[in-house]
Amino acid sequence: MNHLVSKIMGALLALFFMIGWDEHAIGEESQILWLRLQLQSLATSEARIQAKKQGDTNLTTLYDSTVSILSQELRQGQLPRQRSRFIGPDELLVQGLDDVGQEVARQVMTDPRLIRYEEVDLQTGRLLFRSDFIQKEELSIMLPNDARIRAVRVLQPGWKDGVWHPHVIGTAQLSNQRSPQ
């Protein structure tokens, strides 16, 4: 029995160190920076579909966008719990950056631009599963109210030859004034 408890404690410690310790308190009531962002795709849905059909895997062609901040304000609240530091293919990574572009805070979220749908192939009668991106979408994010955060960068995950190779969707500068709610 002692051996089993030892193995469980070892696994829990390994999990703790794998996930890491965040300097920003998650789950505690504090002042947070609430941002509403807009992602605007530079390519139309039709252009992305054509690029995919032609085998173009260039992320710039397929997903290049601009990011703009619609509003920013300080609110009382809690930072959302992040279940995992791993980023899936259907998620975005939003980074809070300091003056030199170093990450100060992050939020991983489901990509709100992604839509999935089904359609019937009229020739075969088979059901086809499709996915595409909405050309213009808004999203809300919460970051710690850290004075070092000067900009936000939105990244889309990508891998090249099995190596993490994210695509920068865009970066937007925060205003110097942070108004409370």
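Where a number appears in this text, it was derived from the coordinates with a stated rule and is not lab data. All values reported here derive from a predicted model rather than from experimental measurement. Cβ coordinates were reconstructed from backbone atoms using ideal geometry, including for glycine residues, and neighbour counts include every protein chain displayed.
Using each residue's phi in region 129-141, evaluate 6.51 cos²θ - 1.76 cosθ + 1.60 at θ = phi - 60° and report the 3J(HN,Hα) Karplus result to the nearest Hz, with x for Gly and Pro.
For region 129-141, the Karplus curve yields 9, 10, 9, 7, 10, 5, 5, 9, 8, 9, 8, 10, 10 Hz.
With charges only on Cβ, +1 for K and R and -1 for D and E, what is the dipole size of region 72-181 about its Cα centre, in debye, rounded to 20?
Rounded to the nearest 20 debye, it is 320 debye.
At a Förster distance of 35 Å, what's the computed FRET efficiency of Trp164 paired with Gln135, Cβ-Cβ distance as r, to 0.05?
My answer for the efficiency is 0.85.
In whole Hz, with x marking every Gly and Pro, tabulate ³J(HN,Hα) for region 162-170 from phi via Karplus 6.51 cos²θ - 1.76 cosθ + 1.60, θ = phi - 60°.
Here the 3J(HN,Hα) series is x, 10, 4, 9, x, 9, 6, 6, x Hz.
Taking the Cα-to-Cβ direction at Asp90 and at Gln31 and moving 7 Å from each Cα, how far apart do the two end points lie in nm?
With each label point 7 Å from Cα toward Cβ, the separation is 3.8 nm.
Positive end of the dipole of region 102-155, charges at C-beta (+1 Lys, Arg; -1 Asp, Glu), about the Cα centre: which of Phe133, Leu155, Gln123 has its Cα farthest in that direction?
So the residue furthest toward the plus end is Leu155.
Note the full-extension length gain between Glu118 and Glu103 as 0.36 nm times their separation in residues minus their Cα-Cα distance, in nm to one decimal.
Residue separation times 0.36 nm, minus the Cα-Cα distance, leaves 1.6 nm.
Quick one: Karplus J couplings for region 86-92, per residue in order, coefficients 6.51, -1.76, 1.60, θ = phi - 60°, nearest Hz, x for Gly and Pro?
With coefficients 6.51, -1.76 and 1.60, one gets 7, 10, x, x, 9, 10, 10 Hz.
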